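The values are calculated or read from the model by the stated rules, or taken from the named source; none is laboratory data. Not measured: the values here are computed from a predicted model. All Cβ positions, glycine included, derive from the backbone under ideal geometry; neighbour counts span all protein chains shown.
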Amino acid sequence: MSKVNIFQTTSRIISGPGSLAGIGAELKQLGAGKVLIVTDQGLVAAGLAQRLGDLLDEAELSWSRYDKVEPDPRYETAAEVVEAAQGFGAEVLVGLGGGSAIDICKVSSVLLTNPGPIDKYFGVDMVPAPGLPTIAIPTTAGTGSEVTPIAILSDEKEKLKTGVVSRYLFPNVAFLDPELTLGLPPNVTAATGLDALIHALEAYTSKNATPRTDLLARRAMELLHGNIRTAFCDGTNLPAREAMLEGSMLAGMAFANAGVTAVHAFAYPIGAQYHIPHGVANSIMLGPVMEFNLLGNLNKFADMARILGQPTKGMSYREAALRVVDALHTLAEDLRVPCHLGSFGVTEQDLPLLAEGVMKVTRLLANNPRVLTQEDAEAIYRRAL
């Protein structure tokens, strides 16, 4: 039977080379007098944080900067941003960076207007009121956080990643300026680009997929798979960088509404415990999870093989579906992304606890095209060793 579907995304998206030059006007439209930039030390060192600051100076806006966002950011980082914003009197927060900086920007904005502690808001639709206005400026083509209502934080004590999901986390404005991604190193291009591609793959096979999200996911797969090798080999190729940023955004729109599935559920425990970069963790788990999942929706997996350029003429749906796994394995090899958990110190003895962590990610497992048990989870991790 048909069911009611809701589609949401960021209401204002500004894209194209050099588009960031318009940020002053956008901030003034939001009523900003004082702006807090939320970013990381890598972007400070690369000069991008100061480049943004210079644009705010030109617009005669007062600004301050929090630049201590780390990969897999902790709850405490959001609390520090809240303190910095309150001390400065910030009226708008601007997230500059990858998913970590943008997620921290988004969750900090609602913590400024909804009293903590932060764990009150873990889960779906737990935030009662809007936060401060936010602008998201991605510098990687990866998470799509600029168009999602999701923020992921690390729980150091539990060795897990936890999500806050709320309509109030959508940024007010997103800037997609591919010039900001031109300096991205090949290994970061690979990891973040694969993360974006996996978002599209999982949204396409999610139980909650709709014709609308399928359209977005298919186009995202075409853009990302068709340009990631070029962006990896030649980071100065602006058309490839622009296509990657567009693909990442479309994948973000797709999974923000359809949801991701078990690949991300498997990536969260190993990312939290072993600090494996999120895109790499997803890439390692992709093949084993896809092999498990494909029986749950052979038609769509076979269709993905065609989207990824695999020859499937005359094949059964099952044979064609397996070509997806082959194509993604070849892509990971071309991009020199690690393929085994053992490379990060994971051992056979760690698998039962990791599998327990997977089963706690019920929000994502509910979207998975195939029902998963803890025994299945252990077996899938074992295949990734």
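Below are the figures for this structure:
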{"read-out": "Some residue of region 150-161 being basic (Lys, Arg), outside the structural domain of Thr236 (by TED's automatic domain parsing) and over 24 Å from Gln273 (Cα atoms)", "value": "no"}
{"read-out": "Scan of region 284-300 for residues that are touching a Pro at 6+ places or on another chain (Cβ under 9 Å) and outside any loop (DSSP other than H, G, I, E, B), ordered by number", "value": "Ile284, Asn293, Leu294, Leu295, Gly296, Lys300"}
{"read-out": "Selection within region 257-292 - closer than 24 Å to Asn5 by Cα and of a type outside the set (A, V, I, L, M, F, W, C)", "value": "Asn257, Gly259, Thr261, His264"}
{"read-out": "Subset of region 339-371 [closer than 18 Å to Arg383 by Cβ and among the hydroxyl-bearing types (Ser, Thr, Tyr)]", "value": "Ser343, Thr347"}
{"read-out": "Output for region 21-43, where each listed residue is buried (at least 16 other Cβ atoms within 10 Å of the Cβ), out of contact with any Cys (no Cβ under 8 Å at 6 or more places or on another chain) and under 15 Å from Gly98 (Cβ atoms)", "value": "Ile37, Thr39, Asp40, Gly42, Leu43"}
{"read-out": "Residue among Ala281, Ala272, Ala379, Ala327 that is under 21 Å from Asp195 (Cβ atoms), surrounded by fewer than 18 Cβ atoms within 10 Å (Cβ to Cβ) and either in contact with a Pro (Cβ under 8 Å, 6 or more places away or on another chain) or aliphatic (A, V, I, L, M) (or both)", "value": "Ala327"}
{"read-out": "So Pro369, is it at pLDDT below 95 and assigned by TED's automatic domain parsing to the domain that holds Leu298", "value": "no"}
{"read-out": "Extreme residue, farthest from Ile102 (Cα to Cα), among residues of region 166-184 that are buried (at least 21 other Cβ atoms within 10 Å of the Cβ) and of a type in the set (A, V, I, L, M, F, W, C)", "value": "Leu184"}
{"read-out": "Filter result for the condition that a residue is touching a Ser or Thr at 6+ places or on another chain (Cβ under 6 Å), assigned to a strand (DSSP E or B) and modelled with pLDDT of 95 or more, over Ala174, Ala101, Ala141, Ala136", "value": "Ala174"}
{"read-out": "Residue identified as closer than 18 Å to Ala256 by Cβ, free of Cβ contacts under 8 Å to residues at least 60 places away in the same chain and crowded, with 24+ Cβ neighbours inside 10 Å among Thr148, Thr134", "value": "Thr134"}
{"read-out": "Any hit, region 261-283, residues being in a helix (DSSP H, G or I), more than 22 Å from the chain's Cα centre (by Cα) and assigned by TED's automatic domain parsing to the domain that holds Ala200", "value": "no"}
{"read-out": "In region 44-65, the residues that are surrounded by 14 or more Cβ atoms within 10 Å (Cβ to Cβ) and small (Gly, Ala, Ser)", "value": "Ala46, Ala49, Gly53, Ala59, Ser62, Ser64"}
{"read-out": "Candidate set: region 67-124, residues that are touching a His at 6+ places or on another chain (Cβ under 9 Å) and not small (Gly, Ala, Ser); chosen: the one surrounded by the fewest Cβ atoms within 10 Å (Cβ to Cβ)", "value": "Pro71"}
{"read-out": "Residue among Ala220, Ala251, Ala231 that alone is out of contact with any strand residue (DSSP E or B) (no Cβ under 7 Å at 6 or more places or on another chain), crowded, with 18+ Cβ neighbours inside 10 Å, farther than 25 Å from Arg363 by Cα and of a type in the set (Gly, Ala, Ser)", "value": "Ala231"}
{"read-out": "Residue that is in contact with a helix residue (DSSP H, G or I) (Cβ under 8 Å, 6 or more places away or on another chain) and under 30 Å from Glu179 (Cβ atoms), where the choices are Leu294, Leu298, Leu322, Leu331", "value": "Leu331"}
